[in-house]
1. Consider region 1-44. How many of its residues are modelled with pLDDT under 95, under 19 Å from ALA64 (Cβ atoms) and either touching a Phe, Trp or Tyr at 6+ places or on another chain (Cβ under 8 Å) or among the small types (Gly, Ala, Ser) (or both)?
2. Within the bounds of region 61-71, is there any residue that is free of Cβ contacts under 8 Å to residues at least 24 places away in the same chain and either under 14 Å from the mean Cα position of the chain (by Cα) or farther than 19 Å from ALA126 by Cα (or both)?
3. For the condition touching a Phe, Trp or Tyr at 6+ places or on another chain (Cβ under 9 Å), of a type in the set (Phe, Trp, Tyr) and modelled with pLDDT of 95 or more, what is the one hit in PHE79, PHE83, PHE70?
4. Please give the number of the condition LYS13 fails out of (1) basic (Lys, Arg); (2) within 15 Å of the chain's Cα centre (by Cα); (3) in a strand (DSSP E or B).
5. Considering each of GLU4, GLU49 in turn, give the residue that is charged (D, E, K, R), under 17 Å from GLU119 (Cβ atoms) and over 13 Å from the mean Cα position of the chain (by Cα).
6. Could you run through region 65-93 and say how many residues are in contact with a Lys or Arg (Cβ under 8 Å, 6 or more places away or on another chain), farther than 16 Å from ASP47 by Cβ, assigned to a loop (DSSP other than H, G, I, E, B) and among the aliphatic types (A, V, I, L, M)?
7. Within region 16-30, restricting attention to residues that are hydroxyl-bearing (Ser, Thr, Tyr) and assigned to a loop (DSSP other than H, G, I, E, B), which residue is surrounded by the most Cβ atoms within 10 Å (Cβ to Cβ)?
8. Within region 67-77, can you find the residues that are surrounded by 22 or more Cβ atoms within 10 Å (Cβ to Cβ) and either among the hydroxyl-bearing types (Ser, Thr, Tyr) or closer than 16 Å to GLY32 by Cα (or both)?
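The values are calculated or read from the model by the stated rules, or taken from the named source; none is laboratory data. Not measured: the values here are computed from a predicted model. We place every Cβ from the backbone using ideal geometry, glycine too, and count neighbours over all the protein chains shown.
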Amino acid sequence: MAKEIIATDHAPKAIGTYSQAIKVGQTLYASGQIPLNPQTMEMLSGDFEAEVTQVFENLKAVLAAADMDFSHVVKATVFLIDFAHYPILNEVMARHVAAPYPARSTIQVAGLPRGARVEIEVIAQA
């Protein structure tokens, strides 16, 4: 099957050698999003809830560019710098993703691009 590049100006432009998302058949593989404002490409910082909310807004824009939404997400992978933020992550995710929830892995990491404290990638199925 052919790969379709998914790109939108409503999410941050890729800051490396990758695409915002790739769609193969009915499956979308979205690259990780960090709390970058897509208009300014500036990082949100200071309020973790606002940072996670921006990540979900960025993912929402990428999904929309593929004619999908969070109901299509089957797997999410979350990278956190500090597991102390796990409860806030869950609160914000519950505002964006309804039950039945996708499968999810949450991994604590030593570092993320641009000093972000959270990054989330998703796989969605049409």
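1. 1
2. yes
3. PHE70
4. Here LYS13 clears every test but (3).
5. Going through GLU4, GLU49 in turn, just one is charged (D, E, K, R), under 17 Å from GLU119 (Cβ atoms) and over 13 Å from the mean Cα position of the chain (by Cα): GLU49.
6. Of the residues in region 65-93, 1 are in contact with a Lys or Arg (Cβ under 8 Å, 6 or more places away or on another chain), farther than 16 Å from ASP47 by Cβ, assigned to a loop (DSSP other than H, G, I, E, B) and among the aliphatic types (A, V, I, L, M).
7. The qualifying residue surrounded by the most Cβ atoms within 10 Å (Cβ to Cβ) is SER19.
8. The one that is surrounded by 22 or more Cβ atoms within 10 Å (Cβ to Cβ) and either among the hydroxyl-bearing types (Ser, Thr, Tyr) or closer than 16 Å to GLY32 by Cα (or both): VAL73.
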